[in-house]
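The structure appears below as structure tokens.
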Amino acid sequence: MERRHFPRHETDPECVPMSPWQAESFPTCNGFHETGIESLVDNSLRLLSTSGSWRDAWRLKAPIAGQKDSVDNIIMKTINQASRNKHTFQDRYFEFSRVDSLAMEKLTSSPYVMNIYGHCGMSVMTERGGEQLGHVARRISSRERVKMAIKVAEGLVDVHGIGGGDNASLVHNDINLNNIFVGGNFRTPLLNDFNIAVLLMKDRRSGQACAFTGHYPNPQWKSPEEQVSPQGGSKGQLNEKVDIYAVGNLLFTFLTGKAPWGHLAKHHPEELPKIGRAKMTEGLVPPVPDEYLKSKDPYLRVLRQAMDMCFQFRPEDRPSAKELAQFLEEAKVEADQSDIEFGRKRRKRK
Ligand SMILES: Nc1ncnc2c1ncn2[C@@H]1O[C@H](COP(=O)(O)OP(=O)(O)O)[C@@H](O)[C@H]1O
Ligand SMILES: [Mg+2]
């Protein structure tokens with residue numbers, strides 16, 4: 001394995017960390033060995049999920065020394081070995097894991113980020129999430145979905161503002177319904193999975209934030225600028241607004257109950273590259289069925305307006321996380337008002 005210094009900008013050597021904390025790491029390997037990790041599979045851990053693209057999640061079967069509630073409340077994630085997406089040990093993945101745990105560690109004070117208990121190599125121990133937001137969203141009212149969207153936006157305010165100051169210094173880069181759990185009696189979204197998060201860097205000469213390149217251009221989910229150019233890599237120069245676009249996907253699902261381009265992805269996946277190209281060239285956005293466009297539900301209107309803002313073609317036309325949270329909060333107050341006039345009917349999705 002090559003010995004490298006991290007973080008390092010992928011293309012521009014003039015780009016350096018924005019702040020010293022971005023180069024830190026807090027390994028707590030003893031905690032892992034105390035769980036009896038050498039007899040990992042047969043004794044102390046039970047496989048919980050193989051659905052992640054990088055990591056398998058394991059539930060502890062025996063308590064960690066000194067943490068009596070650890071059995072049901074703490075999980076361990078390790079690089080995929082049990083699932084079909086096996087990953088090998090590479091420098092790049094060690095760095096992913098460092099950033100994942102650093103982000104959670106630095107965001108301990110945020111109520112909207114999963115808590116971390118330990119990190120070693122490519123493994124991480126965190127609190128165990130309840131249900132993923134995708135499941136919870138299906139059974140809550142439109143008003144509750146707006147409240148949830150406000151909290152997700154507030155969570156992103158914490159993520160982007162991790163280092164303080166005016167510049168965003170961290171991009172989650174993988175916001176989706178599976179990477180957000182819901183805690184606190186199903187009311188609080190917990191952002192999880194910072195495995196491909198990006199620590200934004202700055203140009204040492206100008207002090208300006210450096211853009212980054214995307215490598216995961218999934219046409220169904222990703223923004224126009226993340227789609228692949230003929231030269232490879234993302235078409236555009238990326239910044240934290242990719243997370244805002246991703247919130248647009250989330251809002252689409254809150255609005256319609258469906259994933260953007262979900263039908264196509266399921267029945268005609270071969271068509272998806274066309275969607276990616278049309279996103280890049282025409283700013284194509286997923287179509288919203290008429291019933292939701294015409295709905296009189298004031299909360300659905302709020303979700304649609306916020307989604308339109310997030311799906312703006314040019315990243316600079318999308319709101320910041322803070323602007324999005326403010327918009328949603330104000331729009332919710334107005335929607336509450338029209339809801340009262342409307343007879344205070346709570347609409348649950350059938
Ligand atoms: N804190 C958690 N609590 C419960 N299950 C989790 C937790 N974190 C991850 N998982 C499960 O493990 C899967 C993979 O974890 P994730 O952090 O998303 O890693 P990846 O980088 O592989 O996508 C998730 O989709 C989920 O099913
Ligand atoms: Mg994930």
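The values are calculated or read from the model by the stated rules, or taken from the named source; none is laboratory data. Since the structure is predicted, the reported quantities are computational estimates derived from the model, not experimental observations. Positions of Cβ are generated from backbone atoms using ideal geometry, with glycine treated the same way; all protein chains shown enter the neighbour counts.
Go through region 270-297 and give me each residue that's among the small types (Gly, Ala, Ser) and either over 25 Å from the mean Cα position of the chain (by Cα) or surrounded by 15 or more Cβ atoms within 10 Å (Cβ to Cβ) (or both). If you could, list the steps in order and put the result at the bottom.
Step one: of region 270-297, the residues among the small types (Gly, Ala, Ser) are 276, 278, 283, 295.
Result: GLY276, ALA278, SER295.
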LEU300 passes all but one of (1) under 22 Å from the mean Cα position of the chain (by Cα); (2) part of a helix (DSSP H, G or I); (3) closer than 20 Å to VAL146 by Cβ; which number fails? (1)
Against the definition (surrounded by fewer than 18 Cβ atoms within 10 Å (Cβ to Cβ), within 19 Å of the chain's Cα centre (by Cα) and modelled with pLDDT of 90 or more), how does PRO111 come out, yes or no? yes
What pairs come up if the first residue lies in region 323-347 and is at negative phi and among the aliphatic types (A, V, I, L, M), the second is modelled with pLDDT of 85 or more and assigned to a loop (DSSP other than H, G, I, E, B), and their beta carbons are under 9 Å apart, counting only those six or more places apart or on different chains? LEU324/ARG318; ALA325/PRO319; ALA335/ASP297
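For region 106-126, give me each residue that is touching a Phe, Trp or Tyr at 6+ places or on another chain (Cβ under 7 Å) and either within 15 Å of ligand 1 (Cβ to nearest atom) or farther than 18 Å from LEU191 by Cβ (or both).
As a first pass, look at region 106-126 and keep what is touching a Phe, Trp or Tyr at 6+ places or on another chain (Cβ under 7 Å): 106, 114, 118-123, 125-126.
Those that are touching a Phe, Trp or Tyr at 6+ places or on another chain (Cβ under 7 Å) and either within 15 Å of ligand 1 (Cβ to nearest atom) or farther than 18 Å from LEU191 by Cβ (or both): MET114, GLY118, HIS119, CYS120, GLY121, MET122, SER123, MET125, THR126.
If I ask for residues that are of a type in the set (Ser, Thr, Tyr) and at pLDDT below 90, which ones from region 1-34 would you list?
THR11
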Tally, over region 147-197, of residues that are in a strand (DSSP E or B), crowded, with 22+ Cβ neighbours inside 10 Å and more than 13 Å from ligand 1 (Cβ to nearest atom): 2
